[in-house]
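Inspection log for the structure reproduced underneath, given as structure tokens.
The values are calculated or read from the model by the stated rules, or taken from the named source; none is laboratory data. Computed from a prediction, not measured in an experiment: that's the story for all the values here. Using ideal geometry, Cβ is built from the backbone for each residue, glycine included, and neighbour counts are taken over all protein chains shown. Calculation scope for accessible area: heavy atoms of the full protein, side chains included, ligands and nucleic acids excluded. Shrake-Rupley method; radii C 1.70, N 1.55, O 1.52, S 1.80 Å.
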Amino acid sequence: MTSELIQDALDVRQRAYAPYSNYFVGAAIATDVGVFSGCNVENASYGLCNCAERTAVFSAVAAGAKNITAVVVATRDGGSPCGACRQVLAEFADADCPVHCVNESGTTTLETTIGALLPHAFTPRNLTR
């Protein structure tokens, strides 16, 4: 499954819209209802940009997914998700969900978990009522 996610993330990375940063990112996530991918989309009003990871998660949720089981992020240098993306991923994934960051050749540069990327995450899963 990981090799399929890596290829999906690499493929969608090629469709990113990044004329300002020139930093193309692709993400692929496995969920309880299938695999979803997304790329970063920039905007001249930089606050309106959307990261690849969040694009993938929002597409998954729109399709009915509620549980992320694996994540791959592809960048030119194997960069990891930003803080906002870590929080969104934590909303739909358990702390032990694997995360693989790969470079543009598909080589893994970081193999970790959501919990390691965002320890003590604030999520509805850990709220007590």
### Query
Mind checking which residues of the stretch 9-20 are more than 16 Å from T109 (Cβ to Cβ) and open to solvent by less than 50 Å² (accessible area, probe 1.4 Å)?
V12, A16, A18
### Task
Spot the failing condition for I6; the list is (1) at pLDDT below 95; (2) within 23 Å of T112 (Cβ to Cβ), and only one is missed.
(1)
